[in-house]
C-alpha cells in the first residue's frame, strides 16, 4: 500500500512539472580592425621561363614585405592562345600569382600597394586588387566568444531564479546548447584593375559589426 502511495506521489509530481524551451540571442558589438584584400599579378611573355622569372620577382617582394600578413599564396602558368580565322595560334605563356593580404591599418595597406605598383615596369604585367574589406582580427575574436557563452549561462540561471519566484515553483536550467557562432560578414569593395596611388585608392567604411550567439535554453519547473 505504501509503495502505491509513493508511486502515485511521484507520478503526480511529474505531471505537475513542465519544461520551457526557447532561443535567445546574445551579441557583442566590435569595430573590425584588420583590412583584408586579394592581390593578383598576371604576366604574359613569350616563354614559360620568362613568365616564371617575372612572377618570382613579385613573389619574392611580397614574401619579404613584413608590414602586411600573407595567406593562400598560389600561382599558375599555362600556354596562351588566340584565334585567327578560326585557327588556334599559340601566343606565348600567361601566368599569375595570388595572395590574400592583411594589414592592421589603411596606411600600411596603401604603402604596400604603392610599392607593389612601383615595381611594375612592364606593359605585359597586370596588378589587380580585389575584395577589400574590414574584418575582425583573431586577437579581437579571442576570448569574446567565451565571454558571450558565459553571459548566456549566467542569464539562463538568473532567469530560472526569477521564474521560481514568480511562479512559486522550483525552476532550474536543464540544458543549454550553443549553435555555431555568427561572425559578421565582411563588407567588400571591388578595386579597379588599374594602377592606383595612395590618394585615390577607395577604402570601405570601418563600421561596427556584431559577434552573436543564439543558444537553445531548456528550463524545468516543478
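Values quoted throughout were computed directly from the atomic coordinates according to the rules given, and no laboratory measurement underlies them. These numbers were taken from a predicted model, which means no experiment stands behind them. In this analysis, Cβ positions are derived from the backbone assuming ideal geometry, glycine residues included, and neighbour counts consider all displayed protein chains.
Tabulated results
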quantity	calculated
Computed FRET value (nearest 0.05) for residue 30 with residue 123, which takes r as the C-beta separation and R₀ as 30 Å	0.10
Order by protection proxy (mean Cβ within 10 Å, highest first), peptides 84-91, 213-220, 65-72	213-220, 65-72, 84-91
Calculated FRET value between residue 142 and residue 74, using beta carbons and R₀ = 45 Å, to 0.05	0.95
R0 of 30 Å, Cβ-Cβ distance residue 87-residue 50: FRET efficiency to nearest 0.05	0.75
For the stretch 57-107 versus the stretch 202-222, the gap between their alpha-carbon centres in whole angstrom	38 Å
Length added when fully stretched, residue 214-residue 169, from 0.36 nm per residue minus Cα-Cα	13.5 nm
